[in-house]
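One structure is given below, encoded as C-alpha cells.
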Amino acid sequence: MESLGKTFRHLSRKEKLEELVTKGWLSEENRDMFLHDPLISEEIADSLIENVIGQGALPVRFIAGNYCRW
C-alpha cells in the first residue's frame, strides 16, 4: 500500500475515497458502500471530524432501570 500525500485532507470526500482505492487502502466495494445513503450531510460530518470518508450507524443500548444499582 502506498502512503497518502499531505494534500489528502484538502480533497473532497469522493476524491478521498478514490485516492484510498487507488493506493490500495480500500476496496471498490467498500468505496461504493461509503458513497451511498449517508446518515447525515457531508457538511455536518466534516464539521464533526477531519478526513471524513463515510458514515456508519452504531448500536445503542437500553439499560432498564431495575439493572441500575445507585
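Of note:
- Scanning segment 20-34 for residues that are part of a helix (DSSP H, G or I) and among the basic types (Lys, Arg) yields a count of 1.
- Residue within segment 44-55 that is in contact (Cβ under 8 Å) with a residue 24 or more places away in the chain, loosely packed, with under 14 Cβ neighbours inside 10 Å and in a loop (DSSP other than H, G, I, E, B) present: yes
Each row is one residue, and each column tells you yes or no for (1) at pLDDT 85 or above; (2) aliphatic (A, V, I, L, M).
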| position | (1), (2) |
| --- | --- |
| His10 | yes, no |
| Arg13 | yes, no |
| Glu18 | yes, no |
| Glu43 | yes, no |
| Ile49 | yes, yes |
| Val60 | no, yes |
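- Note on segment 22-44: among residues that are among the hydrophobic types (A, V, I, L, M, F, W, C) and under 18 Å from Ser3 (Cα atoms), the one that is nearest to the chain's Cα centre (by Cα) is Leu26.
- Restricting attention to segment 30-59, the residues that are in contact with a Ser or Thr (Cβ under 9 Å, 6 or more places away or on another chain) and at positive phi add up to 0.
The values are calculated or read from the model by the stated rules, or taken from the named source; none is laboratory data. Nothing here was measured: the structure is a model prediction, and the numbers come from that model. FYI the Cβ positions are ideal-geometry reconstructions off the backbone, even for glycines, and counts take in every protein chain you see.
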